[in-house]
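The values are calculated or read from the model by the stated rules, or taken from the named source; none is laboratory data. Predicted, not measured: the structure shown is a model, and the values here were computed from it. Note that each Cβ is placed from the backbone with ideal geometry, even for glycine, and that neighbours are counted across all protein chains shown. Protein only, heavy atoms only, side chains kept; ligands, DNA and RNA dropped before computing areas. Shrake-Rupley method; radii C 1.70, N 1.55, O 1.52, S 1.80 Å.
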Amino acid sequence: MDLLPDKTIVIELKNWFTTFVGTFNHQGEEFRKNIEIKREHTERVTGEIINIGKELGLNENELNLAEIIALLHDVGRFEQYTTYGTFSDQKSENHAELGLKIIKEQNILHALHPDIRDLVFCSVRYHNRSSLPADETERCLYWSRLIRDADKLDIWRVVTDYYHRGKAERNVALELELPDTPGFSAEVTAALMNRQIVNMKHVRNINDIKLLQAGWVYDINYPPTFIQIKKRRYMDLLKEVLPDTDETKKIFDVIDSFIQRIS
Ligand SMILES: [Fe+2]
């Protein structure tokens, strides 16, 4: 499709992004660290989406579109953290909608064909939904699935690194300000045993959020993503930082057999 973006537009948007993030340089060390976490996350998600896209056989211009979506998917995070001091959408507002507002207000996608612009809007809008709506076009859902897979691959990396680093470098923003209490919620366990994603409303402590993150395997769309999950041992890394109980073992047995069957 010749309406797709060329590399020039990608470069322009990357420059815009760098300048945009550079405006969030005020306040203290913790603030700057969390802004940097999201800048680096965005950079790596562009790499992830390109890798998945290549495995899926996307052409050069389709990969450009993928890169633009990844570059902009979390643009709302910077304002969210500046305004509310949190990455929790529950405690602030939906960062995807916030991002869309910025993209539209600043009119940064003016050079894109309107149909392609709509694909960027819909993928950014849906990147963090617990599930995708049924009443959207297949094209919109295709690109939304792609950013959701790429995003999860990097969030797993960020959080497994963090959980394994120990408590010396605690970052409450990455813990979504949840308490570090023992045990997990029954609803969380039940969802995972049924091979379902965990609803955020049942998440009460750090163990629950770790399990919710493990449960994202039930929301992965493309085979190359499963291959990376296995290769990087994300599920083992999450299991290792959860209480060593029969319940944990059962949950991860179900997850492991799911991944084996799919990939
Ligand atoms: Fe996001």
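Would you mind stating whether Leu237 is of a type in the set (A, V, I, L, M), open to solvent by 10 Å² or more (accessible area, probe 1.4 Å), in a loop (DSSP other than H, G, I, E, B) and farther than 22 Å from Ile147 by Cβ?
It is false that Leu237 is of a type in the set (A, V, I, L, M), open to solvent by 10 Å² or more (accessible area, probe 1.4 Å), in a loop (DSSP other than H, G, I, E, B) and farther than 22 Å from Ile147 by Cβ.
Can you pull out the residues in segment 145-193 that are of a type in the set (S, T, N, Q) and in contact with a Leu (Cβ under 6 Å, 6 or more places away or on another chain)?
Within segment 145-193, Thr160 is the sole residue that qualifies.
If I ask for residues that are over 20 Å from Asn25 (Cβ atoms), away from the ligand (no atom under 11 Å from the Cβ) and either in a loop (DSSP other than H, G, I, E, B) or in the same structural domain as Ile220 (by TED's automatic domain parsing) (or both), which ones from segment 49-103 would you list?
Leu56, Gly57, Leu58, Asn59, Ser88, Gln90, Lys91, Ser92, Glu93
Among the residues of segment 181-188, is there at least one that is hydroxyl-bearing (Ser, Thr, Tyr) and more than 30 Å from Gln260 (Cβ to Cβ)?
yes
Taking Lys38 and the conditions (1) free of Cβ contacts under 8 Å to residues at least 40 places away in the same chain; (2) within 19 Å of His127 (Cα to Cα), which numbered condition does it fall short on, given that it satisfies the others?
(1)
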